[in-house]
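**Student:** Could you have a look at this structure, given as structure tokens, before my questions?
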Amino acid sequence: MFAATMSRSAVLGAVVLSLLAVPARAATGEGTDRSAGSPQRTTGTGAAERATGAGTTVRATTARPSGLPAPDTAGLGTVLDKLLTRGAPGALARIDDGTKTYRVTRGVADRTNRTAISTDDRFRIGSVTKSFSAVVLLQLAAEKKLSLDAPVNRYLPGLLPDDRITVRHVLGHRSGLYDFSNDMFASSVSGFEAVRNKVFTYRQLVALSLKKPRTNAPGAAYSYSNTNFVVAGLLIEKLTGKPVRTAYQDRIIGPLKLADTFYVHPDTKIPGRYARGYLTPDTAGARLVDATAQTASWAQSAGALISSAHDLNTFYSALLGGKLLPAAALKEMERFVRVNSTTSYGLGLRRRDLSCGVSVYGHTGAVQGYYTYAFATKDGRRALTALATTSNNGQVLDTLAATLDAAFCGRPKSVRTQGVTHH
Ligand code: REX
């Protein structure tokens with residue numbers, strides 16, 4: 001569909017044309033599928049559904065369904081209930097599949113005024129940002145402005161202490177560059193408060209990493225590190241001559257009309273309607289810390305984007321559907337290296353292999369106050385975004401993973417044949 005040599009404007013032109021097949025959002029209307037299971041429900045002290053929180057999605061008629069069994073929305077509701085039991089003040093899940101949208105919510109967007117959480121709320125997406133950064137660099141590679149197998153130091157002379165570290169190593173977490181955030185958040189609350197309002201340059205963050213030995217030789221092993229995507233941000237700025245914000249806007253947010261997606265760094269506020277995020281302290285029983293307002297400067301191109309479930313589903317549907325990258329570039333992004341029995345990593349893209357045999361593609365995210373799962377099928381036709389509004393809580397993170405099975409595997413057979421829900 002695309003020639004590898006096409007220009008940036010040609011890529012964008014193709015993207016705009018292909019948007020005809022991308023889900024559209026309208027202010028009012030129908031299209032929310034409630035028939036397949038649990039309706040949107042909220043908990044909390046009498047919090048009512050916000051007026052615009054339900055029934056607001058209209059889908060483009062061209063979107064084709066995935067052909068997977070219907071999502072287990074009742075099971076999804078059970079998973080979100082567990083997230084609340086395990087400490088998340090709020091949780092949401094939104095699935096888009098062809099013309100159908102499924103929404104499930106539990107809990108509150110704000111613990112103070114007990115406003116119900118909505119699938120329309122914006123939130124901090126953490127490392128899901130890494131997929132956006134990788135897409136920008138893969139577009140630049142497709143435009144022949146960057147070679148994936150070139151040393152990072154070719155574009156940023158002297159930045160890294162080893163000329164063997166390539167752009168591909170960085171985007172696949174195989175550079176061996178130490179993750180500076182390990183030390184920063186060794187103590188979760190004091191570590192966070194020390195950087196909540198801080199503004200770092202990319203080079204300061206790289207310098208923090210380089211104080212520590214590297215974890216492996218270039219290319220020798222997968223070792224997750226935010227430093228890699230800080231380097232990605234530096235590359236984007238160097239190659240485009242503009243801030244990363246402009247690259248996200250011009251190449252992804254604008255063409256896909258992602259109205260809920262923002263890169264506001266170093267501003268600390270989430271624009272418009274949002275769910276507040278609450279950091280879980282290391283000490284059991286201590287009060288949750290409202291982490292909503294922060295620069296996220298330690299994360300930047302590794303994790304500082306704000307978005308919504310609608311926009312993340314649109315993003316991964318478009319990416320996997322071949323609408324953001326030429327086919328050859330998407331193929332590079334999807335060259336996966338196994339991380340463990342269920343997870344592999346490509347270039348800024350994770351693959352999760354589910355128990356039912358379906359594999360899904362996307363990213364997870366963790367910034368203070370927010371855990372995100374955003375994944376879609378290989379063809380992009382079904383996408384799930386799930387959020388829990390707390391972090392530093394392993395039980396919540398593990399539970400959030402169960403949204404994938406509910407979203408992509410359908411109802412478990414034993415449940416379907418007996419016609420009752422057991423879990
Ligand atoms: C930062 C610490 C975790 C969070 C991190 N976040 O590396 C990046 C990300 C941006 O989203 N990564 C996830 C803090 C894992 C991903 O790629 O899926 N942790 C918290 C602590 C630990 O404070 N003591 O949980 O809020």
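**Student:** Between Thr201 and Ala74, what's the calculated FRET efficiency when r is the beta-carbon distance and R0 is 60 Å? Round to 0.05.
**Tutor:** The formula returns an efficiency of 0.80 here.
**Student:** Also: If you rank Cys356, Cys409 by fewest surrounding Cβ atoms within 10 Å, what's the result?
**Tutor:** Neighbour counts put them in this order, fewest first: Cys356, Cys409.
**Student:** Okay, moving on. Considering every pair of different Cα atoms, what Kirkwood radius, in Å, is found for the range 264-340?
**Tutor:** 15.7 Å is the Kirkwood radius here.
**Student:** With contacts defined as alpha carbon pairs under 8 Å and 6 or more residues apart, what's the relative contact order of the range 139-213 in percent?
**Tutor:** After rounding, I find 23 percent.
**Student:** I need Lys413, Lys212 ordered by Cβ neighbour count within 10 Å, fewest first.
**Tutor:** If I rank by nearby Cβ atoms, fewest first, I get Lys413, Lys212.
**Student:** What is the spread of the Cα atoms of the range 69-127 along each of their three principal axes, largest first, in whole Å?
**Tutor:** Projected onto the principal axes, the Cα atoms of the range 69-127 cover 38, 24, 22 Å.
**Student:** Amide H neighbours of Ala291 under 5 Å, counting only residues 5+ apart in sequence or on other chains, H built in-plane at 1.01 Å?
**Tutor:** Gly277, Tyr278, Leu279
**Student:** Show log10 I(q)/I(0) for the range 275-423 at q = 0.19, 0.20 Å⁻¹, two decimals, from a solvent-free Debye sum over equal Cα scatterers.
**Tutor:** -1.23, -1.30
**Student:** How much length is gained on full extension from Arg114 to Ala293, taking 0.36 nm per residue of separation minus their Cα-Cα distance?
**Tutor:** Answer, rounded to one decimal: 62.6 nm.
**Student:** Now a separate question. Taking other Cβ within 10 Å of each residue's Cβ, how do Lys211, Lys198 sort, fewest first?
**Tutor:** Lys211, Lys198
**Student:** For the range 248-258, what does the Karplus curve 6.51 cos²θ - 1.76 cosθ + 1.60, with θ = phi - 60°, yield as ³J(HN,Hα) per residue in whole Hz, taken in order and with x for Gly and Pro?
**Tutor:** Values per residue, Gly and Pro as x: 4, 5, 6, 9, 10, 4, x, x, 8, 6, 7 Hz.
**Student:** Also, quick follow-up: Over all directions, the average projected area of the alpha-carbon convex hull for the range 162-290 comes to how many nm²?
**Tutor:** Averaging across all directions leaves 9.9 nm² for the Cα convex hull.
**Student:** Under the definition of Cα pairs under 8 Å and six or more residues apart, what whole-number percent is the relative contact order of the range 266-366?
**Tutor:** Reported as a whole number, the value is 13 percent.
**Student:** To continue, here is another question. Quick one: length gained pulling Ala327 to Arg64 fully straight, 0.36 nm per residue minus the C-alpha distance?
**Tutor:** Computed gain between Ala327 and Arg64 is 92.7 nm.
We did not get these values from a lab; they are worked out from the coordinates using the rules stated. The model shown is predicted, which means the values in this text are computed figures rather than measured ones. Here the Cβ is made from the backbone with ideal geometry for all residues, glycine too, and neighbour counts use every protein chain on show.
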